[in-house]
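Asker: I'd like to ask some things about the structure below.
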Amino acid sequence: MIGNNPNSYQEIVISKKLALELFGNLNCVNKKLCIAYANREILIGENRIKREFVRKELSITGIVDSDRLCIYHDSYWTIGFFQMAEILPLC
């Protein structure tokens, strides 16, 4: 592995294949990876859906030698990340 394991929910390790796909090289430790996801709110009575996108930056702390397109962290990462991300409730 190049770099270090993540120490918080804002830090990740990515696969070698993902690093090459996104950055074209392996010099991406300490760089940011920006992700966006949709937070959907259904507008009742107007028969339409409004989508709000939330953007978060993650720090890349390491690269794992893998031929998969992956982001690595511990098994509880998604729970902690989405709590940190302050997702709005569905209406």
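Asker: Run down the lysines and flag those whose C-alpha is under 28 Å from the C-alpha of residue 16, throwing out any fewer than 8 positions away in its chain.
Answerer: Filter leaves 31, 32, 56.
Asker: Would you mind counting up the charge near residue 12? Only other residues with Cβ under 13 Å from its Cβ, with Lys and Arg at +1 and Asp and Glu at -1. Present the calculation step by step, with values, prior to reporting the outcome.
Answerer: Working: positive: 31, 32, 56; negative: 11, 57, 74.
In short, 0.
Asker: Separate question: When Lys and Arg each count +1 and Asp and Glu each count -1, what net charge do the other residues less than 12 Å away from residue 25, Cβ to Cβ, add up to? Let's see the in-between values first.
Answerer: Details: positive: 16, 31; negative: 21.
Once positives and negatives cancel, what remains is +1.
Asker: In terms of solvent-accessible area of protein heavy atoms at a 1.4 angstrom probe, what is the ranking of 75, 15, highest value first?
Answerer: Values: 75 100, 15 0 Å².
Per-residue accessible area, sorted high to low, gives 75, 15.
Asker: Accessible area of the range 2-42 with a 1.4 Å probe: how many percent of it is carbon plus sulfur? Kindly include the intermediate steps, with their values, before the conclusion.
Answerer: Working: 1130 of 2500 Å².
It is 45 percent, rounded to a whole number.
The values are calculated or read from the model by the stated rules, or taken from the named source; none is laboratory data. Just so we're clear, the structure is a prediction, and the values are computed from it rather than from any experiment. We place every Cβ from the backbone using ideal geometry, glycine too, and count neighbours over all the protein chains shown. Protein only, heavy atoms only, side chains kept; ligands, DNA and RNA dropped before computing areas. Shrake-Rupley method; radii C 1.70, N 1.55, O 1.52, S 1.80 Å.
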